Structure formats: structure tokens, C-alpha cells
1. Kindly indicate which of ARG47, ARG76, ARG22 is in a strand (DSSP E or B) and either free of Cβ contacts under 8 Å to residues at least 60 places away in the same chain or more than 25 Å from the chain's Cα centre (by Cα) (or both).
2. For segment 234-267, give me each residue that is open to solvent by 40 Å² or more (accessible area, probe 1.4 Å) and either over 19 Å from ILE146 (Cβ atoms) or part of a helix (DSSP H, G or I) (or both).
3. Can you tell me which residue among THR332, THR325 is surrounded by fewer than 21 Cβ atoms within 10 Å (Cβ to Cβ), touching a residue at least 12 places away in the same chain (Cβ under 8 Å) and of a type in the set (S, T, N, Q)?
4. Which of the residues spanning segment 105-134 are farther than 16 Å from SER270 by Cα and either outside the structural domain of ILE268 (by TED's automatic domain parsing) or away from the ligand (no atom under 15 Å from the Cβ) (or both)?
5. Among the residues of segment 161-181 satisfying the criterion of being within 22 Å of the chain's Cα centre (by Cα) and of a type outside the set (D, E, K, R), which is least open to solvent (accessible area, probe 1.4 Å)?
6. Mind listing whichever residues of segment 182-208 are at pLDDT 95 or above, open to solvent by less than 40 Å² (accessible area, probe 1.4 Å) and among the hydroxyl-bearing types (Ser, Thr, Tyr)?
7. Among the listed residues ASP215, ASP266, identify the single one that is out of contact with any Phe, Trp or Tyr (no Cβ under 7 Å at 6 or more places or on another chain) and more than 15 Å from ALA116 (Cβ to Cβ).
Amino acid sequence: MFLYDQYFEQKLQQLRDNGSYRYFLEVNKSAQHFPSFYYTNDEGIQRSAVNWCSNDYLCMSTREEVIAKLGFVTHRSGTASSGTRNISGTTIHHKELERTLANWHGKEAALLFNGAYQANVTTLQTLGRQIPDLIFISDARNHASIIEGIRAAGNEKRIFRHNDPAHLEEILQSLEPGRPRLVVFESVYSISGTIAPVKKILEIAKLYNALTYVDEVHAVGLYGENGAGLFEQEGIQDGIDILNGTLSKAIGVFGGYIAAKSTIIDFIRSYGSGFIFTTSLPPAVCSAANKSIQLIRQNPVWRQDLHRNVNLLRDGLRQNGVVFTHNESHITSVPVGDATRCRQVANDLLHQQGIYLQPINHPTVPKGEECLRIIITASHQLKHINHLAFSLGKILNGKNQDHRTEFPAFASAVGNSATED
Ligand SMILES: Cc1ncc(COP(=O)(O)O)c(C=O)c1O
């Protein structure tokens with residue numbers, strides 16, 4: 001007889017033993033005091049800390065106009081769409097947002113999903129199932145949602161070495177001419193922060209008549225003159241066939257999407273199970289996302305603040321002897337290389353210094369590549385940066401002790417208590 005409970009418990013114990021069991025910290029955000037938040041510690045005491053892993057890069061989720069739009073449309077339209085797009089779940093807000101997204105990315109059309117994960121899985125699965133003999137050619141570091149979409153399609157796949165166009169070309173060259181193929185990659189990789197050689201990838205893909213699919217989840221809002229992403233920055237929006245993005249990170253609201261030619265969008269809209277058979281986004285969410293994109297386009301200074309902060313952070317880390325992996329993006333990754341140590345450093349930072357950095361462990365990264373990923377936002381201040389850089393330097397360089405008294409900035413950096421909210 002199969003012992004279900006025992007099996008589940010054993011599998012969970014395996015995670016605890018190898019240090020990759022996930023503990024959720026309660027991160028009670030304060031729109032007024034972002035990036036500070038409060039949480040309840042193990043002794044039941046409320047404490048305040050600074051968030052260094054929020055994807056709210058431009059702090060859009062806390063901006064008054066976006067919050068007001070969400071509230072206003074909720075009052076008028078209710079909290080939910082209560083239907084699939086096909087059955088009473090399409091409103092003017094869905095259509096307007098899709099038009100905005102298409103226009104922003106220089107595409108004919110866009111399609112909303114309830115997240116970029118779902119957009120990736122549904123689109124890749126649909127293409128794989130519907131295009132006879134399609135082969136996926138996927139970057140080795142692609143996100144779990146891309147891997148899942150390819151797996152769900154069940155088609156043949158080939159993996160090219162991370163950001164290696166020569167290897168991509170080798171694979172494409174080896175395929176039977178005429179066989180349909182889809183090259184799948186990200187523009188900014190979410191953990192390492194590496195940036196794909198996008199122009200080169202497109203050039204090679206076109207040479208071998210491949211369809212191209214990019215995940216711009218960590219780039220939308222942050223790069224390009226209008227903040228549309230890395231493809232806008234590089235002036236190659238036309239070259240990509242399908243672009244995937246999220247409304248939940250830099251845009252600060254919720255949901256995901258793809259943008260492409262009308263025929264491709266119509267195809268996914270018509271055949272994609274994960275699009276068809278699910279309740280659509282609430283109208284107010286669409287409207288708030290639309291407002292947020294409008295503000296992002298009008299305020300390049302927020303992007304500049306973010307990138308200036310990235311440089312200040314990296315200067316601070318260097319000055320404090322903290323090693324981080326080189327990249328040209330806004331994501332800063334500090335290698336630790338051991339799950340237990342990674343968690344210990346994160347615990348010390350939180351409980352001794354009021355600094356919240358999430359350890360990134362297996363399966364998000366391969367074993368041995370455990371790291372602390374630092375995400376800075378437009379709202380982090382110099383005092384926050386100095387505090388983080390100094391604390392990380394102390395803890396990682398082996399002098400692990402409570403330095404709270406050494407930080408005059410500590411009380412103001414993290415606030416005194418949860419009453420801030
Ligand atoms: C690269 C990448 N793609 C897709 C997703 C999924 O996005 P969403 O949160 O909108 O589902 C994430 C993370 O959340 C991501 O990091």
C-alpha cells in the first residue's frame with residue numbers, strides 16, 4: 001500500500017536536509033515607507049526591515065495615481081471580471097491595456113494573461129502542440145516557466161549554452177532544412193542578471209528561418225527610451241516575433257502578456273488552453289496597469305534613478321570587499337555557493353541588521369551556485385545602500401556579529417517599529 005503522508009513528509013525532509021526548504025517571511029509592505037516593511041519574528045515581536053528583493057523596481061505599486069486608479073475602477077466595475085475572456089470577461093479596460101502594450105512594444109497586438117508564467121507556459125505549449133514537428137531551441141538558463149511550457153508541449157528540444165550564439169548557430173545548422181524551429185531566450189536573466197546578445201541571436205535565428213520568442217519580464221519598464229525593454233533600447237523591436245512581459249514587476253500591478261503580430265496573437269487567443277479556460281484579470285487591475293505604463297513612459301527619471309542606484313550599490317559593495325558577478329543589468333548577484341550558508345547569511349542580515357535578502361537556492365539555481373540576489377529600487381537611499389554594503393562585507397568576510405550599534409543610520413533606515421505602517 002502506498003503511504004502518501006509518509007512519502008510527502010520524506011520529500012519535505014529531503015529539502016530541509018539539503019537546505020533548500022522554503023521559509024516564507026511575512027513582508028508587510030508599507031506604500032508610504034517603501035522599501036521598509038514590517039514582519040513578526042519567531043518570538044512574536046513586530047520588527048521592521050528594508051526590502052532588498054522586491055521586483056517593484058520603480059515603486060509603481062506604491063504610487064498614488066496607480067493606487068487611485070485601482071480603487072476608482074474597482075468601485076465602478078467591481079473586484080473581478082468573473083468570466084473568461086470569451087464568456088463575459090472582456091471589458092474596455094482589457095482592450096485598452098492590450099492596445100497600450102502592443103503600441104509600447106511596437107507590435108500589432110497583445111494578449112493578456114494572469115501572469116507572465118502563464119503566458120510563457122500557454123504560448124510555448126500551444127505553439128509546440130499546434131505546429132507540426134516544431135523543435136524548441138532554448139537557452140540553458142531559461143526561467144522555470146519556459147522550461148515548463150516546453151515540457152508541456154512535449155516536442156523535441158535542444159538547449160544552447162547560456163548566451164552563446166555560436167552554439168545556437170551550431171544547433172540550427174544541424175537541423176533538417178525546412179523543419180519549423182523556435183528560439184527561446186530571455187533578455188535580462190532573472191538571477192544572474194546577465195544580458196543576452198539579442199541582436200546576434202536574432203540575426204542567427206533569421207538566417208536559419210527560426211521563429212523567435214523572448215521573455216522580457218525583468219526588462220520591461222527599465223530599459224529603452226519609453227521603458228519598453230531591452231529590445232526598445234537596442235532598436236530591434238521589429239525583429240522579435242513574440243515578446244513576453246509581466247505587469248507584476250516594474251509595472252507594479254499584476255498579470256502578464258505577450259505582444260506579436262496580429263496573426264500570432266489571434267492564434268494563441270484561439271488555441272491556447274491557458275488563455276481560454278481561465279477567468280480574466282479584474283478590470284481595475286488592467287486599468288491600473290495601463291495607468292502605470294503611461295506614467296513609466298512619461299517619467300524616464302525613475303529609470304535613471306534606478307540605474308544610478310545600481311551603480312551606487314556596486315560601488316558600495318566594492319568598497320566593502322563584497323564580490324558580485326559582473327553584468328550590465330540592474331540585478332546584482334552575490335555568489336555564496338552553499339545553501340545552508342546562504343540561508344545563514346540571510347538570517348543574520350535580517351535578524352541582526354534589519355536587511356531582507358532572500359537566499360536563492362536550488363532548484364532556482366543549480367547546486368553550488370547558491371547566491372544572494374540584490375534587487376535595488378528607485379526608492380532605496382544612500383543610507384540603505386551603505387548599510388547593506390557594510391553589513392554584507394562584515395558577514396561574508398567572516399566577522400559575523402551584531403553590529404547594530406555601529407550603524408548610526410540603522411534606526412532611520414529601517415524605522416523603529418511596525419507603527420510606520
Ligand atoms: C524570467 C521570468 N519569467 C517569467 C516570470 C513569471 O512572471 P509572473 O510573476 O508575471 O508570472 C518570472 C518571475 O516571476 C521571471 O523571473
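1. Criteria check complete, one pass: ARG47.
2. GLU234, GLY235, ASP238, PHE254, LYS261, SER262, THR263, ASP266, PHE267
3. Residue meeting the stated conditions: THR325.
4. Those that are farther than 16 Å from SER270 by Cα and either outside the structural domain of ILE268 (by TED's automatic domain parsing) or away from the ligand (no atom under 15 Å from the Cβ) (or both): HIS105, GLY106, LYS107, GLU108, PRO132, ASP133, LEU134.
5. ASN163
6. Of everything in segment 182-208, those that are at pLDDT 95 or above, open to solvent by less than 40 Å² (accessible area, probe 1.4 Å) and among the hydroxyl-bearing types (Ser, Thr, Tyr) turn out to be SER187, TYR189, THR194.
7. Only one candidate passes the filter, namely ASP266.
Listed here are the residues, each with its yes/no results for (1) away from the ligand (no atom under 16 Å from the Cβ); (2) in contact (Cβ under 8 Å) with a residue 12 or more places away in the chain; (3) in a loop (DSSP other than H, G, I, E, B); (4) not small (Gly, Ala, Ser).
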site: ALA68; (1), (2), (3), (4): yes, no, no, no
site: THR100; (1), (2), (3), (4): yes, yes, no, yes
site: ASN103; (1), (2), (3), (4): yes, no, no, yes
site: ASN163; (1), (2), (3), (4): no, yes, yes, yes
site: ALA166; (1), (2), (3), (4): yes, no, no, no
site: GLU169; (1), (2), (3), (4): yes, yes, no, yes
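The values are calculated or read from the model by the stated rules, or taken from the named source; none is laboratory data. Only a predicted model underlies this, so the values are computations on that prediction, with no experimental measurement involved. Cβ coordinates were reconstructed from backbone atoms using ideal geometry, including for glycine residues, and neighbour counts include every protein chain displayed. To get the accessible areas, we keep the full protein, side chains included, count just its heavy atoms, and leave off ligands, DNA and RNA. Shrake-Rupley method; radii C 1.70, N 1.55, O 1.52, S 1.80 Å.
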